[in-house]
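The values are calculated or read from the model by the stated rules, or taken from the named source; none is laboratory data. Since the structure is predicted, the reported quantities are computational estimates derived from the model, not experimental observations. Please note: Cβ atoms are built from the backbone with ideal geometry, for glycine as well, and neighbour counts cover all protein chains shown. For accessibility, only protein heavy atoms count, side chains too; no ligands or nucleic acids. Shrake-Rupley method; radii C 1.70, N 1.55, O 1.52, S 1.80 Å.
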Amino acid sequence: MTRGFILLLCVAPLLVYSATEQALPRLQVVTEILPPYQYFQEDKQITGLATQKVKALFSALELSPRILAMPWARAYKIAQTNPDTLIYSIVRTPEREPLFQWIGVLLSTKTFLISLQERSDIVINSPEDLNKYRIGVKRDDVVYQHLSQYPLSGQMVFLPETETTLKMLIKQRIDVIAASPVHLDFMCKRLNCDPSDFRQLYELKDLNNDFYLAASNATSKETVQLLRQALADLEKVE
């Protein structure tokens, strides 16, 4: 019995690794278009700061899973329900904590509420002040979830993607949006605007600004652990 138990201890990790190795090619990755973190090039290939990190991770594992870009609300739902599914760039919050298995941080940023520079009438000293203005948000994204703790639902204008929120702001169909400086710079290059056309009203300091790679709870723990270790190893090299 002792020899059999020892043999089992030796073989079990190999069986787990083999099962995990078989599961890895089945992985799908969902995301949204959020330049410069993830966006389409002219050849329709998805790229960006976070995407490059994800691709480097899979390259280290000799994998090339398909990355599917879609509206955030849809990606968010798929990543909660489908097995062998990863999502990025997702901010980790207490509300989201039990909904996913968190693999690791891809990059970090800061988020500000911004308006047009010419709108000197807009003053934000706290999120409650947003009650006076129309704020463009994406349903189920972290800014929407963060601001939902305040009584602002009547002032929220739901839009499909962040670039659309900037377009609507420029047209003055909304008054305020949330964006990071690097994101704003990138979007302005695409939309032929200038970052100086906008002003920072208020930093969302209570918002976690680490962008994560996460997995659905239906993804095996062995797969998640392998991805965590591979991402940690990648960080050491960089």
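Residue pairs exceeding 21 angstrom between C-alpha atoms, taken from Lys77/Lys189; Lys138/Lys167; Lys167/Lys205; Lys138/Lys221; Lys53/Lys236; Lys110/Lys236: Lys77/Lys189; Lys167/Lys205; Lys138/Lys221; Lys110/Lys236. Tell me the net charge near Gln28. Cut-off is 15 Å between Cβ atoms, Gln28 excluded, with +1 for each Lys or Arg and -1 for each Asp or Glu. Every neighbour counted, the sum reads +3. Were the residues from Met70 through Asn208 laid out at 0.36 nm apart, the gain over their Cα-Cα distance would be 47.4 nm. Panel note: the C-alpha atoms of the chain, placed on their principal axes, show extents of 79, 40, 29 Å (largest first).
Which Cα, out of Ile46, Ala179, Met168, lies furthest along the positive dipole direction of the chain (beta carbon charges, K/R +1, D/E -1)? Looking along the dipole axis, the top candidate is Ile46. Can you classify segment 118-238 as rounded, prolate or oblate using the Cα gyration tensor, where a ≥ b ≥ c are the square roots of its eigenvalues, rounded means a/c under 1.5, and otherwise it's prolate if a/b beats b/c and oblate if not? Taking the square roots of the gyration eigenvalues as a ≥ b ≥ c, segment 118-238 is prolate. For the chain, the mean residue ellipticity at 222 nm estimated from helices alone is -11500 deg cm²/dmol, where every DSSP H run of n ≥ 4 contributes -39500 (n - 2.57) and the total is divided by all residues, rounded to the nearest 500. Other residues within the sphere of radius under 9 Å centred on the Cβ of Phe158, judged by their own Cβ, net out at +2 (K and R +1, D and E -1). Amide H to amide H distances under 5 Å link Ile67 with no residue, where only residues 5 or more positions off or on other chains count and H is placed in the peptide plane. Once both labels are positioned 7 Å from their Cα atoms along Cα-to-Cβ, the gap between Phe158 and Arg199 label points is 3.2 nm. Which part of segment 61-89 falls in the paramagnetic zone of Gln229, meaning amide N under 14 Å from the point 7 Å along Cα-to-beta-carbon? Correct set: 61.
Label sites at Val237 and Asn125, each approximated as a point 7 angstrom past Cα along Cα to Cβ, lie 5.2 nm apart.
Return the carbon/sulfur percentage of the accessible area of the chain, one whole number, probe 1.4 Å, all protein chains in place. C and S atoms contribute 52 percent here. Dividing the mean sequence gap of close Cα pairs (under 8 Å, 6+ apart) by how many residues the chain holds gives a relative contact order of 30 percent. For the chain, DSSP calls about 65 percent of its internal beta bridges antiparallel.
Placing +1 on the Cβ of every Lys and Arg and -1 on the Cβ of every Asp and Glu, with no other charges, gives the chain a dipole of roughly 420 debye about its Cα centre. Near Asp121, once Lys and Arg are set to +1 and Asp and Glu to -1 for all other residues with Cβ below 10 Å from its Cβ, the sum equals 0. For the pair Asp185 and Ala218, the difference between a 0.36 nm per residue extended length and the Cα-Cα distance amounts to 8.2 nm. Only helices reaching 30 angstrom along their own axis (Cα) with mean Kyte-Doolittle hydropathy no lower than -1.0 count here, and for the DSSP H runs of the chain these are 2-23.
Taking a point 7 angstrom from the Cα of Gln52 along the C-beta vector, which residues in segment 159-186 have backbone N less than 16 Å away? Answer for this model: 182-183, 186. When +1 charges are put on Lys and Arg Cβ atoms and -1 charges on Asp and Glu Cβ atoms, the dipole computed for segment 158-221 relative to its Cα centre reaches about 180 debye. Direction-averaged projected area, Cα convex hull, segment 142-190: 3.7 nm², rounded to one decimal. Search the structure for amide H atoms under 5 Å from the amide H of Phe198, placed 1.01 Å from N in the peptide plane, and list their residues when 5 or more places away or on another chain. Counting only residues 5 or more places away or on other chains, the set is Gln117.
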